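Working notes for the structure below.
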């Protein structure tokens, strides 16, 4: 069929249903375009775009009728308005509105980050050519929104501009419910100065973020791919991550990390902040940089490379800098500088110089490195290791009174908390409303509950070499010898919390880079209530009767009347069919979601030569932090996670 309506069908060999349907209907004043793909017999995805003089409406979607747990679908709907948009005042204008909705769907964090890295995320929000963008966006929908029975995804989408589209923001805020609730953010920020048609400065930041109430954690990542300033291309990634729970950490990075830094869990590979400063085609001048703040370190660095060649002859050079700054116990730094410059003729080095220097300071100063000079006929190299300057005068630091700090910590009200009973419905105690209110306020403890006493000043059971800026000489070790309540010995178990190793251990530069942000150590005691089974005489048997009553809708035809008024006969028939289905049908109710709880992998001792497990005695109740300290002091072994062996 040609002319005003075109239909392209690519049929499968095994049935009569088309694999791809493409629609292009330029029927004035409406232009209808779309593409529908069938991956399997009951799985469909595609895009539909309708353009009218006042607006352009776009819909990306994916439907799986054979998904486990019932049909699953996700749709991204958007409508854009022609310039200058809907004026909001103060130079702001609304250029587009829309939304995201999905049933039995969730948002995949890793796929969201990957979409930011490859630029696909930007085409999800109000693309200028939806059909062309669909070829890249639609295949990513199953990964971005995986099928999870019982989960629902919903949220608004909008595009706001300012100053005649000099600044524009396209964003989608998506909520994933029910518990645990997750909030996801996806957007593009564009800045074009002074004129969007011919911008001297064009910044394009594609960003994504997510807040997870279950962990809890929050991250925000942005990519500058596609940006330029006065003709100079800009690139790079920025990340902010804050995580609590059993593996807490904080990371702020622009362009990545120090080469020797062990990247925490959940941090993706980041592109360096880079600028291409090449003035002419035969000169390539590129600059890369990074800056990062973690719980243990402050890091920054840069790399400058130069290639200037004509007909195989020219200059090649580079300069790199990596700096690690320590803030405690006193301000100091470690910087590595490296560089080289050579004159090459037809691929051979005619003259070249290179150096690699490590400088530590400021008091005393320590410089160690290597330099070399290469000529066409000979080469020479030299090493150096120099120290100068005097250390700062040792000031008498106030001694760290660990006993006093622990007593103050346990004396705080927040160090004590009540635990609910663990017996479930086998608790032969019925409390009054006043007693329940006092237990809820933390003023009383349930007779079959428990009490937790914990502090976060220092870990128990390990050597304390320092406490923040104060050194502890000699090292001290503290632990709970016995626990009593009301002057009587009580059964107690250990509680654990996360502690930063750099706060109580003296770490070298390499150890600060490789050490986890927080590690798990014992922090207090858990007083356990009497868990013996109560006598059967303590329980009273009672029978329960109930009556079932179905309350009908007082106005069952209200929805049908609205649908008939709108002349939506197809929905009228669907409403009648749905009314005949029992409300007890499981397809009308989301299935119960089972949470997957990940635990920190256990630490074992491994041979440094063969990476096989070493048989070493260890207490079965020792935490990972205690095992790392134990195995780190033994020759020939090193602590690793069990899965690495």
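Within region 205-212, identify whether any single residue is out of contact with any strand residue (DSSP E or B) (no Cβ under 8 Å at 6 or more places or on another chain) and touching a residue at least 12 places away in the same chain (Cβ under 8 Å), and answer yes or no.
Just the residues of region 205-212 that are out of contact with any strand residue (DSSP E or B) (no Cβ under 8 Å at 6 or more places or on another chain), to begin with: none.
No; the residues of region 205-212 include none that is out of contact with any strand residue (DSSP E or B) (no Cβ under 8 Å at 6 or more places or on another chain) and touching a residue at least 12 places away in the same chain (Cβ under 8 Å).
For residues that are farther than 30 Å from residue 159 by Cβ and outside any loop (DSSP other than H, G, I, E, B), scanning just region 7-34, find the one that is modelled with the highest pLDDT. So that I can check it myself, show each step before the final result.
If we filter region 7-34 for residues that are farther than 30 Å from residue 159 by Cβ, which is where we start, we get 7-19.
Okay, now just the ones that are also outside any loop (DSSP other than H, G, I, E, B), so 7-11, 18-19.
Details: 7: 38, 8: 41, 9: 37, 10: 41, 11: 42, 18: 66, 19: 73.
The extreme case among them is 19.
For region 454-480, which positions are under 19 Å from residue 493 (Cβ atoms) and surrounded by fewer than 18 Cβ atoms within 10 Å (Cβ to Cβ)? Write out each step before concluding.
Taking region 454-480 as the starting set, the residues that turn out to be under 19 Å from residue 493 (Cβ atoms) are 454-456, 459-462, 478-480.
Of everything in region 454-480, those that are under 19 Å from residue 493 (Cβ atoms) and surrounded by fewer than 18 Cβ atoms within 10 Å (Cβ to Cβ) turn out to be 456, 478, 479, 480.
Restricting attention to region 620-638, and to residues there that are out of contact with any helix residue (DSSP H, G or I) (no Cβ under 8 Å at 6 or more places or on another chain) and part of a loop (DSSP other than H, G, I, E, B), which single residue is modelled with the highest pLDDT?
Taking region 620-638 first, the residues out of contact with any helix residue (DSSP H, G or I) (no Cβ under 8 Å at 6 or more places or on another chain) are 620-621, 623-624, 626-636.
Checking the rest, the ones that are also part of a loop (DSSP other than H, G, I, E, B) come to 620-621, 623, 633-636.
Details: 620: 63, 621: 67, 623: 77, 633: 68, 634: 73, 635: 68, 636: 69.
Selected residue: 623.
If we keep just the residues of region 394-424 that are modelled with pLDDT under 70 and under 39 Å from the mean Cα position of the chain (by Cα), which is surrounded by the fewest Cβ atoms within 10 Å (Cβ to Cβ)?
Residues of region 394-424 modelled with pLDDT under 70: 394-399, 422-424.
Now restrict to residues that are under 39 Å from the mean Cα position of the chain (by Cα): 422-424.
Working: 422: 13, 423: 15, 424: 6.
That would be 424.
Scan region 323-348 residue by residue and report those that are farther than 25 Å from residue 289 by Cβ and surrounded by 15 or more Cβ atoms within 10 Å (Cβ to Cβ). First the steps, then the outcome.
Going through region 323-348, the residues farther than 25 Å from residue 289 by Cβ turn out to be 328-330, 343-348.
Scanning region 323-348 gives 343, 344.
What number of residues within region 267-300 are touching a strand residue (DSSP E or B) at 6+ places or on another chain (Cβ under 7 Å) and either assigned to a strand (DSSP E or B) or touching a residue at least 60 places away in the same chain (Cβ under 8 Å) (or both)?
22
With (1) closer than 30 Å to residue 166 by Cα; (2) modelled with pLDDT under 75 as the list, and residue 3 as the residue in question, which single condition is left unmet?
Single failed check for residue 3: (1).
Quick one: would you say residue 156 is touching a strand residue (DSSP E or B) at 6+ places or on another chain (Cβ under 7 Å), farther than 30 Å from residue 87 by Cβ, surrounded by fewer than 22 Cβ atoms within 10 Å (Cβ to Cβ) and modelled with pLDDT of 85 or more? Please lay out each step first, then the result.
Numbers: touching a strand residue (DSSP E or B) at 6+ places or on another chain (Cβ under 7 Å): yes; farther than 30 Å from residue 87 by Cβ: no; surrounded by fewer than 22 Cβ atoms within 10 Å (Cβ to Cβ): yes; modelled with pLDDT of 85 or more: yes.
Criteria not met by residue 156.
Using the structure shown, decide if residue 356 is within 36 Å of the chain's Cα centre (by Cα), at pLDDT 85 or above, more than 30 Å from residue 496 (Cα to Cα) and not assigned by TED's automatic domain parsing to the domain that holds residue 495. Walk me through how you get there before you give the answer.
Working: within 36 Å of the chain's Cα centre (by Cα): yes; at pLDDT 85 or above: yes; more than 30 Å from residue 496 (Cα to Cα): yes; not assigned by TED's automatic domain parsing to the domain that holds residue 495: yes.
Against the criterion (within 36 Å of the chain's Cα centre (by Cα), at pLDDT 85 or above, more than 30 Å from residue 496 (Cα to Cα) and not assigned by TED's automatic domain parsing to the domain that holds residue 495), residue 356 qualifies.
Could you check region 127-147 and list, in sequence order, the residues that are surrounded by fewer than 22 Cβ atoms within 10 Å (Cβ to Cβ), outside any helix (DSSP H, G or I) and either modelled with pLDDT of 80 or more or touching a helix residue (DSSP H, G or I) at 6+ places or on another chain (Cβ under 6 Å) (or both)?
127, 146, 147
Residues are listed down the side, and each one gets a yes or a no for (1) modelled with pLDDT of 80 or more; (2) assigned to a loop (DSSP other than H, G, I, E, B); (3) not assigned by TED's automatic domain parsing to the domain that holds residue 133:
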site: 36; (1), (2), (3): no, no, no
site: 57; (1), (2), (3): yes, no, no
site: 63; (1), (2), (3): yes, no, no
site: 79; (1), (2), (3): yes, no, no
site: 82; (1), (2), (3): yes, yes, no
site: 96; (1), (2), (3): yes, no, no
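Of the residues that make up region 481-499, is at least one farther than 21 Å from residue 419 by Cα, modelled with pLDDT of 80 or more and either crowded, with 17+ Cβ neighbours inside 10 Å or in the same structural domain as residue 295 (by TED's automatic domain parsing) (or both)? Walk me through how you get there before you give the answer.
Here is the first cut: in region 481-499, the residues farther than 21 Å from residue 419 by Cα are 481, 499.
From what is left, the residues that are modelled with pLDDT of 80 or more are 481, 499.
Within this subset, residues satisfying the condition of being either crowded, with 17+ Cβ neighbours inside 10 Å or in the same structural domain as residue 295 (by TED's automatic domain parsing) (or both) are 499.
Within region 481-499, one or more residues are farther than 21 Å from residue 419 by Cα, modelled with pLDDT of 80 or more and either crowded, with 17+ Cβ neighbours inside 10 Å or in the same structural domain as residue 295 (by TED's automatic domain parsing) (or both).
Restricting the search to region 470-505, which residues are in a loop (DSSP other than H, G, I, E, B) and farther than 28 Å from residue 245 by Cβ?
Initially, region 470-505 is screened for residues in a loop (DSSP other than H, G, I, E, B), giving 478-483, 486-487, 490-491, 500, 504-505.
481, 482, 486, 487, 490 - these are the residues of region 470-505 that are in a loop (DSSP other than H, G, I, E, B) and farther than 28 Å from residue 245 by Cβ.
For residue 191, state whether it is surrounded by 17 or more Cβ atoms within 10 Å (Cβ to Cβ), over 28 Å from residue 58 (Cβ atoms) and either within 13 Å of the chain's Cα centre (by Cα) or outside the structural domain of residue 119 (by TED's automatic domain parsing) (or both).
For residue 191, the condition - surrounded by 17 or more Cβ atoms within 10 Å (Cβ to Cβ), over 28 Å from residue 58 (Cβ atoms) and either within 13 Å of the chain's Cα centre (by Cα) or outside the structural domain of residue 119 (by TED's automatic domain parsing) (or both) - is not met.
Which one of these is on the phi < 0 side of the Ramachandran plot and in a loop (DSSP other than H, G, I, E, B): 219, 207, 250, 261? Please lay out each step first, then the result.
Numbers: 219 fails: in a loop (DSSP other than H, G, I, E, B); 207 fails: in a loop (DSSP other than H, G, I, E, B); 250 fails: in a loop (DSSP other than H, G, I, E, B).
Within the list 219, 207, 250, 261, the selection yields 261.
The values are calculated or read from the model by the stated rules, or taken from the named source; none is laboratory data. Please read all numbers here as calculations on a predicted model, not as lab measurements. Quick reminder, even Gly has a Cβ in these numbers, built from the backbone with ideal geometry, and neighbours come from all protein chains shown.
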